[in-house]
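The values are calculated or read from the model by the stated rules, or taken from the named source; none is laboratory data. What you are looking at is a predicted structure, and each value in this text was computed from that prediction instead of being measured. Cβ: placed from backbone, ideal geometry, glycine included. Neighbour counts: every protein chain shown.
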Amino acid sequence: MPQSPSEKALIPFVSVENMMRLVHHVGIETMLVELTDVIEEDFRRWESFDKTPRIASHSREGVIELMPTSDGVLYGFKYVNGHPSNKVEGLQTVTAFGLLAKVSTGYPVLLTEMTLLTALRTAATSAMAARHLAPKGAKVMAMIGNGAQAEFQALAMKVVLGIEEVRLYDIDRRATEKTVRNLEGSGLRVTACTSAQSAIEGAAIITTCTADKQFATILTDNMVGAGVHINAIGGDCPGKTELHRDILLRADTFVEYPPQTRIEGEIQQMAPDYPVTELWRVVRGEAEGRRDAGQITLFDSVGFATEDFSALRYVREKLKGTDFYQEIDIIADPDDPRDLFGMLQRAR
């Protein structure tokens, strides 16, 4: 007689449908605020984590990556891809899923979609960085690149920093029109612009989030005035950047994990000794962030595994007492751990 799955073999799984239910149950703005705080909390205990650059498999079409980390109690990883040409076929350029496991046993405790969750955690990370680096009282942001993450970025800056206006530009007018529609009723003033130059006029925060897998110049040096915060989140692999290198010569640059950012971020354009400040040190008060009104700050964000870990543990906590998951039988767990073959035979 087949053995029924043990309790340890049943792992909570959050499907896309259930993730959407969870987000609406919590409220997207509330979730962005809470995720921002959870990510910052984990940045404050930076030394607790195993850290390594993500493991990337590159192809002509894109990249597939694994992003692992552990705090010694829980282990987490995210599978994520980046395929810019997918949009031509009506596919997402980025998809992801993630897992949490107990370090003590290696048994998984959560499996979840992370395409939506990555957009949420990326926006929350941007807001967390801007909370420490952006000009105080910033009310206007520019969003260059109006793809899948644009609305999340705008809402996070609104609820965490108090941004009131977002100025949009994308080379694809339809992407901007989509973003304008989606932000209706958000409480933000939304302006569709015809160029990157016009989008950044009056903006204290400039976010770049474009998808092409190539060295690109979304912002040139002459476009960037004093006193702004640049949130560069589009560069996430070797050979892909968004900013002219001269901007980096004028900016104070803040990064997540230098060994990864020097390979994948805007600073891949610079010499190996180009100075950067690790963001966790600013969060902890060990390094200076924004020091004066004329300073240009740059968050060269490529996304790091601790941010996904934060998002995974947040979701695990939020699932308690809800039905926004299903249990799946993912671990073979025989009554006698030495008798895996016997469990197989009894299943006939």
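Scanning the stretch 218-255 for residues that are assigned to a loop (DSSP other than H, G, I, E, B) and surrounded by 18 or more Cβ atoms within 10 Å (Cβ to Cβ) returns Val224, Val228, Ile233, Gly234, Gly235, Asp236, Cys237, Lys240, His244, Ala251. From the list Gly202, Gly185, the one residue that fits, being surrounded by fewer than 22 Cβ atoms within 10 Å (Cβ to Cβ), over 26 Å from Asn81 (Cβ atoms) and in contact (Cβ under 8 Å) with a residue 24 or more places away in the chain, is Gly202. Would you confirm, using the coordinates I've provided, whether Pro275 is outside any strand (DSSP E or B) and under 30 Å from Gly137 (Cβ atoms)? Against the criterion (outside any strand (DSSP E or B) and under 30 Å from Gly137 (Cβ atoms)), Pro275 qualifies. Screening Ala293 with (1) at pLDDT 95 or above; (2) assigned to a loop (DSSP other than H, G, I, E, B); (3) outside the structural domain of Gly98 (by TED's automatic domain parsing) gives one miss only, at (1).
Could you tell me whether the stretch 256-267 includes any residue that is buried (at least 19 other Cβ atoms within 10 Å of the Cβ), of a type in the set (A, V, I, L, M, F, W, C), in contact (Cβ under 8 Å) with a residue 24 or more places away in the chain and more than 19 Å from Ala204 (Cβ to Cβ)? Yes.
Residues that are surrounded by fewer than 23 Cβ atoms within 10 Å (Cβ to Cβ), in contact (Cβ under 8 Å) with a residue 60 or more places away in the chain, within 30 Å of Gln295 (Cα to Cα) and not aromatic (Phe, Trp, Tyr): does the stretch 123-132 have at least one? Checked against the condition, which is being surrounded by fewer than 23 Cβ atoms within 10 Å (Cβ to Cβ), in contact (Cβ under 8 Å) with a residue 60 or more places away in the chain, within 30 Å of Gln295 (Cα to Cα) and not aromatic (Phe, Trp, Tyr), the stretch 123-132 yields at least one hit. Residues in the stretch 162-192 that are assigned to a strand (DSSP E or B) and of a type in the set (A, V, I, L, M, F, W, C): Val166, Leu168, Val190, Ala192. Looking at Asp50, Asp37, can you tell me which residue is in contact with a Gly (Cβ under 9 Å, 6 or more places away or on another chain) and either among the basic types (Lys, Arg) or not in a strand (DSSP E or B) (or both)? On inspection, the qualifying residue turns out to be Asp50. In the stretch 178-233, the qualifying residues are those that are in contact with a Gly (Cβ under 7 Å, 6 or more places away or on another chain) and β-branched (Val, Ile, Thr), and the one that is modelled with the highest pLDDT is Thr208. Restricting attention to the stretch 239-254, does a residue exist that is under 18 Å from the mean Cα position of the chain (by Cα), within 16 Å of Gly145 (Cβ to Cβ) and of a type outside the set (Lys, Arg)? Yes: the stretch 239-254 contains one or more residues that are under 18 Å from the mean Cα position of the chain (by Cα), within 16 Å of Gly145 (Cβ to Cβ) and of a type outside the set (Lys, Arg). Scanning the stretch 61-107 for residues that are over 19 Å from the mean Cα position of the chain (by Cα), outside any loop (DSSP other than H, G, I, E, B) and at pLDDT below 95 gives Ser85, Asn86, Lys87, Val88, Glu89. A count restricted to the stretch 12-49 and to residues that are surrounded by fewer than 16 Cβ atoms within 10 Å (Cβ to Cβ) and over 20 Å from Val282 (Cα atoms) stands at 9.
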